[in-house]
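Following: one structure in C-alpha cells, then a few remarks.
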Amino acid sequence: MMHLSVKSVDAWWAHVQKQKIAEKYNVQISPPEQRPWNMRDFVLIDPSGVLWRISENTD
C-alpha cells in the first residue's frame with residue numbers, strides 16, 4: 001500500500017476523472033470519503049495491484 005498526502009483530495013479526484021485513468025489503465029477507483037481518522041481520501045488500485053490511498057487531513 002502507498003499513501004499520498006495532498007492538499008486537496010477533490011482536486012486530485014477531479015484530475016483522475018478528467019484524465020479517465022480508470023478507463024485508460026483498467027484500474028479500480030473508489031470515490032472520496034471522509035474517514036473516522038480525520039482524513040478524506042480515495043483509493044486507486046494500480047495495474048500491478050498496489051493500493052494507493054490519496055488523502056488530505058481534515059482536522
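None of the figures in this text is laboratory data; all of them are computed from the coordinates on show. This is a predicted model, so every value here is computed, not measured. Reconstructed Cβ throughout: ideal geometry from the backbone, glycine too, with neighbour counts over all protein chains shown.
Side notes on the structure shown:
- Between Val43 and His15, the simple spin-label model (points 7 angstrom out along Cα→Cβ) gives 2.2 nm.
- Applying the criteria of a DSSP loop state and at most 10 other Cβ atoms within 10 Å to the chymotrypsin sites (Phe, Trp or Tyr not before Pro) of the chain yields Trp37.
- Phi-based couplings in Hz for the range 4-9 (Karplus 6.51, -1.76, 1.60; Gly and Pro marked x): 10, 8, 10, 6, 9, 4
- Within the chain, trypsin sites (Lys or Arg not before Pro) in DSSP loop having at most 16 other beta-carbon neighbours inside 10 Å: Lys7, Lys20
- Placing +1 on the Cβ of every Lys and Arg and -1 on the Cβ of every Asp and Glu, with no other charges, gives the chain a dipole of roughly 140 debye about its Cα centre.
- Candidates Met2, Val43, Asn26 compared by Cα position along the dipole of the chain: farthest toward the positive end lies Asn26, with charges placed on Cβ.
- The chain pair-distance distribution - Cα-Cα, 5 Å bins, rounded %: 4, 20, 30, 27, 13, 5, 1
- Normalised contact order of the chain, rounded percent, pairs of Cα under 8 Å and 6 or more residues apart: 41
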